[in-house]
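The values are calculated or read from the model by the stated rules, or taken from the named source; none is laboratory data. Note that this is a predicted model, so its numbers are computed, not measured. Don't worry about glycine lacking a Cβ; one is built from the backbone with ideal geometry, like all the others, and counts go over all protein chains shown. Surface accessibility is based on the protein's heavy atoms, side chains included, excluding ligands, DNA and RNA. Shrake-Rupley method; radii C 1.70, N 1.55, O 1.52, S 1.80 Å.
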Amino acid sequence: MARSVRESYDESQAAGRLRVPLAAWRWAVGSGLVPPADAGPGLWSRAVVEAADPEAVRAALRGPVGAGWAADRLTEALGEPLRCRPRVTASAVGHLAGAGLLVRLGGDTEFPDVHPDQVAALARRRDLPVLLDQHVPLGPDQAARRLGVRRVDFTERSEGVRITRWSGL
């Protein structure tokens, strides 16, 4: 039986073909070391995969680091005081990755592993507070503080429904 020749690869197949970790392939794509998908959404042509240098792909990945570590570095970069902004959370790192500001190296979408150099570059940006405001949703307490209103919660005991009411300060 003749062996079929694969014409396109998804990210895990490309990483397997080159015998590199999936995180290394994702970083190579995110950093521009490997061209973006050219055979469809999330698919690379055989020529692109075979042209990639496995050693360069492997060497480019330093890390990855967890979302908690990245959140701590971004919080440090905001400096003191945090100006009505709470600490950056690991979940916020997931939102930043979803917005395309960080490359998601692991499989977890909510708390992704990311590249430490990319986190450092994001932390150096002067518009970091603006980026966080644009891409990370606020919780109800944070939103109340930001809007300058008081949040009042109470529970309807007869129906078991939680009702949130906002009032001015």
Residue 106 long-range amide H proximity, modeled H, under 5 Å: 113
Accessible area (Å², 1.4 Å probe, nearest 10) - residue 135: 60
With all protein chains modelled, accessible area of residue 101 [1.4 Å, Å²]: 40
Relative contact order (%) - the stretch 1-147, alpha-carbon pairs under 8 angstrom, separation at least six: 22
Estimated distance in nm for a label pair at residue 31 and residue 127, the labels positioned 7 Å out from Cα along Cα-to-Cβ: 2.5
GluC sites (Glu not before Pro) restricted to DSSP loop in the stretch 1-56 with at most 16 other C-beta within 10 Å: 7
Cα→Cβ-extended label distance, 7 Å offset, between residue 47 and residue 117, nm: 2.8
Net length gained if the chain between residue 142 and residue 19 were fully extended (0.36 nm per residue, minus Cα distance): 39.7 nm
Whole-Hz couplings from phi, Karplus 6.51/-1.76/1.60, listed for the stretch 45-51; x for Gly and Pro: 6, 4, 4, 5, 5, 5, 7
For residue 46, solvent-accessible area (1.4 Å; no DNA, RNA or ligand), Å²: 90
Length gained when the stretch residue 78-residue 12 is fully extended (0.36 nm per residue, less Cα-Cα span): 20.2 nm
